[in-house]
1. With 10 angstrom as the radius, rank Tyr362, Tyr105 by how many other C-beta atoms surround their C-beta, starting from the fewest.
2. Picking from Val268, Met65, Thr236, whose Cα lies most toward the positive end of the charge dipole for the chain (charges on Cβ: Lys, Arg +1; Asp, Glu -1)?
3. Contour minus end-to-end for Asp44 and Ser151, with contour as 0.36 nm per residue of separation and end-to-end as the Cα-Cα distance?
4. Please compute the net charge surrounding Tyr18, taking Lys and Arg as +1 and Asp and Glu as -1 over other residues with Cβ under 10 Å from its Cβ.
5. Return the calculated 222 nm mean residue ellipticity for the chain, to the nearest 500 deg cm²/dmol, obtained by summing -39500 (n - 2.57) across DSSP H runs with n ≥ 4 and dividing by the residue count.
6. Given the Cα-Cα distance of Asp93 and Ala276 and 0.36 nm per residue of separation, how much length would full extension add, in nm?
7. For the stretch 2-81, which chymotrypsin sites (Phe, Trp or Tyr not before Pro) are both in a DSSP coil and crowded by at most 14 other Cβ atoms within 10 Å?
8. I need the peptides 246-253, 225-232, 274-281 ranked by packing, meaning the mean over residues of other C-beta atoms within 10 angstrom, with the highest value on top.
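Just so it is clear, none of the values below were taken in a lab; they were calculated from the coordinates. All values reported here derive from a predicted model rather than from experimental measurement. Counting neighbours? That spans all protein chains shown, and the Cβs are built from the backbone with ideal geometry, glycine included.
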Amino acid sequence: DSVTYLLNPNKPLDEQQYSDSQTYDDYFEETALNSLQQMSILNDMGKKAGFVLNDEQKATIKQAMDDIRSAAAANQFNDVDKYLRAMYGRGLDEKRLLKLLETSYYATFYSQALVQEWKDSFTDEEKAAYYDSKRREYDLITYYSYFVDGSADNENGIDSETAMANALETAQAIAVARTEDTFGELVYKSASEDQKETYKNYDATRRENVAPASITNEQWKAWLTDPARAYGDTTTFEADSGYYVFMFTERNNNEYNLENYRAIAISVEKNADTGAITSDTLSAAQAKVDELIAAYNEDPTEDNFIALSDKYASKSADGSSSSGLYENVNMSMLSGDIADYVFSPERKAGEVGYIYTDETFYVFYTKEEGKQYNLVIAENLMSQEKYDATIEDLSDEYAVKTNIVFALAKRK
């Protein structure tokens, strides 16, 4: 059984367990040593490679230091050194902090440059072959699933054993389906009266473009990601209080391009008295969309679309950043009508269009596509493996140095 150890800030760290084998003092020391070790390795590697920070990177360090000074002033400290001692303990002053920031950021910026260099060195053929070896972990899965309740119904004299047997029989009856429509029909037929409205829509049981990593049940994941899975395959799984029935439909190998776009969301107002959307409020929102698109067409540029977002957007669309910008969006990040629009093969860079879904109009500006996603997954994994191996190869050499430095620091 797993044990949860909560940190008590009023008790010494070496008297509190972080895990069965470590105290909090051990854990924090190990984490600090590992960070110090990687930082030292990357700084030395960067200097040997002649890596120099650019002006933007130097400005980032300066801003971090300025933020510390601002925090000191905001907390009524007229001396940054006193603020640092109050926040982090003795041994840290402004001069040492600046050195730490420079060392830490240098390691970060060099590691980013190094990883990008590796990514650029991998060929598409190498990336495709690597992804193929990992596809079971990363191909997206589309399937249908439905839970048949097997809870006891004491009021009607049905004990748990009988209820579970009935649930299995129902699940197996649904599992004879070999098409999506048949699966939907059988689910609707088996659903209780209070659920029929939900399952009248056959897509209520559909799970589209699901990443295997998000499937927490290992039995389900093993079955769904089995390379032998084919359209129409079905199975059942026993749960504590019923049975799940699954139908596999398709596997997405991620051989598509990531999408980049901007979005302006315009909500349809509801009647103040009834709380419902009316034909008048829907027409008003539609008129606003038409007005926005007309204004865009007067100057069909991305900059104009950004400016219009400030005027017309009533809320941000899911996942948006500044000016409603979405970058490197993959299929598992979107669903429904928005996914259908964004990933439609009809989309072209520079076009503007809209959809209406979930009581909201979404107006889109399509940008140039990103990289092919399976190759992006591969280059990220390949570069991470190479990074880990590089650090591991040098870790023993730096272990003694960092241990000595850390021990000296703890004495201060």
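1. Lowest count first: Tyr105, Tyr362.
2. Met65
3. Full extension from Asp44 to Ser151 adds 32.2 nm.
4. -4
5. -17000 deg cm²/dmol
6. Going from the current span to full extension adds 59.8 nm.
7. Filter output for the stretch 2-81: Tyr5.
8. 246-253, 225-232, 274-281
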